[in-house]
Amino acid sequence: MRPGPIVQPDSVAEDRRLLAYLGTAMIAGGQPVHEVEYDLKGVATALGYPLAQVGATPTGLTLGLEPGSPATFESVAGPLRLDQSAVVSEVRRGLNARRLTADEAFARLGNLRSLPHRYPRWLQDTSWSVIAVGIAMLLQPGWPNIAAAAIGGGAVMLLVRLAGRVRLAATLLPTIAAFVVGTGVFAAAQAGWLDGPLRTLLAPLAVLLPGALVVTGMSELAAGAMVAGSARLTFGTVQLLLFSLGILSATTVLGVAPELLANVRVNQLGAWGPPVGLAVICVGLCLNEGASMWLLPAIALVVAAAFGAQLAGQAASGAVLGGFLGAIAGSLGASLAAYLRPQLPRLVVFLPAFWVLVPGSLGLLSVTSIGIDPQQGVRTVVDVGAVICALALGLLFGSAMAQAAAGPLARLRAPR
């Protein structure tokens with residue numbers, strides 16, 4: 001006689017499903033999988049399952065509440081906005097502290113995708129140009145270049161809207177966006193309206209570039225998450241190649257002269273350009289990602305710390321040390337801010353600082369340079385690869401330093 005199926009209490013099955021939903025939401029928010037596994041095990045322990053087993057990848061999560069027990073798989077539906085990630089952080093904190101019941105957590109996670117954007121559509125659309133202007137003030141601070149970046153940001157916004165409706169456009173979005181922006185910027189350079197077109201076109205494309213994806217993949221590899229890290233690196237590299245294809249196609253169609261393809265930086269703004277650019281980026285990202293403006297001071301503080309540490313490292317030893325110190329400052333600053341003020345979601349405060357480090361722009365510049373000048377391009381790829389590795393290691397060091405500081409901070413905050 002065969003044994004019958006194991007019948008589990010409804011509460012156990014519901015807890016397993018809740019943890020799976022929470023884990024996939026954390027992945028969709030951009031959190032590295034090794035951090036997702038660690039945080040989710042903490043929530044499982046708080047719910048009474050200290051032996052829970054979690055296996056996370058960038059596209060899904062498998063979870064069992066104890067060895068040998070039934071497991072469930074939940075796939076990741078797609079990326080989340082910053083305001084949605086803030087809700088996920090609140091749910092995780094509420095479950096850890098047992099302030100939320102399973103039903104309340106299910107309700108909040110179930111309504112996550114339908115959560116309306118905080119700002120009206122016209123502000124969302126404008127934010128693409130705002131972010132592009134801010135990044136241009138860092139990468140290519142010249143007035144014609146900033147104007148071109150603002151126009152390019154509007155064009156990218158329209159293409160993203162189109163990609164949301166047409167499947168083929170979504171698949172080819174990197175190449176189409178790079179071609180459209182590249183054609184406009186290179187044509188303006190040929191007409192003598194601006195200098196340094198190669199760096200100029202990076203600003204409107206920066207939001208779409210997979211720089212954060214590549215660095216997250218490197219940090220996952222360094223932390224031992226080999227499957228997730230390899231998958232992210234492969235996907236990010238393919239995306240960079242698609243962007244590069246669009247840029248090289250634009251140069252071919254227009255017959256761009258080699259001297260216009262040099263990595264030239266202009267600076268017409270002076271010392272005030274970068275601070276204002278950082279502020280503009282922070283405002284634009286909040287508008288684009290639906291983040292509450294009450295988070296803006298914390299976001300701006302962490303962004304300024306990361307950018308300042310990056311500049312100091314670059315001045316002392318070059319781009320590698322700058323990326324390493326910038327990543328440490330961003331990761332450590334966000335972790336400490338979230339610890340001192342628990343209502344601040346760490347990931348939401350940290351991600352804008354991560355984007356300001358522009359690893360995606362560096363990656364696209366290196367891949368594109370291979371098509372323009374293979375000999376110089378190989379050297380550029382090596383240099384950029386070193387910067388990306390430094391960023392990944394900086395993230396790990398910053399997280400480790402924040403965990404080491406948690407104990408002394410807890411003792412300082414404890415009532416005497």
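The values are calculated or read from the model by the stated rules, or taken from the named source; none is laboratory data. Model, not experiment: these values are computed from the prediction. Here the Cβ positions follow ideal geometry from the backbone for every residue, glycine too, while neighbour counts run over all protein chains shown. What goes into the accessible areas is simple: the full protein's heavy atoms, side chains included, and nothing from ligands, DNA or RNA. Shrake-Rupley method; radii C 1.70, N 1.55, O 1.52, S 1.80 Å.
Here residue 39 fulfils each of the conditions (1) over 22 Å from the mean Cα position of the chain (by Cα); (2) surrounded by 14 or more Cβ atoms within 10 Å (Cβ to Cβ) apart from (1).
I'd like to verify a number: residues in the stretch 275-288 that are surrounded by fewer than 19 Cβ atoms within 10 Å (Cβ to Cβ) and either under 21 Å from residue 328 (Cα atoms) or in contact with a Phe, Trp or Tyr (Cβ under 8 Å, 6 or more places away or on another chain) (or both), how many?
Summing the residues that are surrounded by fewer than 19 Cβ atoms within 10 Å (Cβ to Cβ) and either under 21 Å from residue 328 (Cα atoms) or in contact with a Phe, Trp or Tyr (Cβ under 8 Å, 6 or more places away or on another chain) (or both) in the stretch 275-288 gives 2.
Is it the case that residue 248 is closer than 15 Å to residue 134 by Cα and among the hydrophobic types (A, V, I, L, M, F, W, C)? Against the criterion (closer than 15 Å to residue 134 by Cα and among the hydrophobic types (A, V, I, L, M, F, W, C)), residue 248 does not qualify.
Residue-wise test of (1) part of a helix (DSSP H, G or I); (2) surrounded by 21 or more Cβ atoms within 10 Å (Cβ to Cβ).
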{"position": "145", "(1), (2)": "yes, yes"}
{"position": "165", "(1), (2)": "no, no"}
{"position": "186", "(1), (2)": "yes, yes"}
{"position": "192", "(1), (2)": "no, no"}
{"position": "212", "(1), (2)": "yes, no"}
{"position": "215", "(1), (2)": "yes, yes"}
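Checking the structure you have, find out if any residue of the stretch 153-175 is touching a residue at least 60 places away in the same chain (Cβ under 8 Å) and in contact with a Phe, Trp or Tyr (Cβ under 9 Å, 6 or more places away or on another chain). Yes, some residue in the stretch 153-175 is touching a residue at least 60 places away in the same chain (Cβ under 8 Å) and in contact with a Phe, Trp or Tyr (Cβ under 9 Å, 6 or more places away or on another chain).
A count restricted to the stretch 195-210 and to residues that are outside any helix (DSSP H, G or I), over 30 Å from residue 36 (Cβ atoms) and in contact (Cβ under 8 Å) with a residue 60 or more places away in the chain stands at 2. When the stretch 299-317 is filtered for residues that are in a helix (DSSP H, G or I) and surrounded by fewer than 22 Cβ atoms within 10 Å (Cβ to Cβ), the ones remaining, listed by number, are 300, 301, 304, 305, 308, 311, 312, 314, 315, 316.
The one condition from (1) open to solvent by 20 Å² or more (accessible area, probe 1.4 Å); (2) at pLDDT 85 or above; (3) outside any helix (DSSP H, G or I) that residue 291 does not meet is (1). The strands (runs of 3 or more DSSP E) falling completely within the stretch 49-114 that include 2 or more residues that are surrounded by 17 or more Cβ atoms within 10 Å (Cβ to Cβ) map to 53-57, 60-64.
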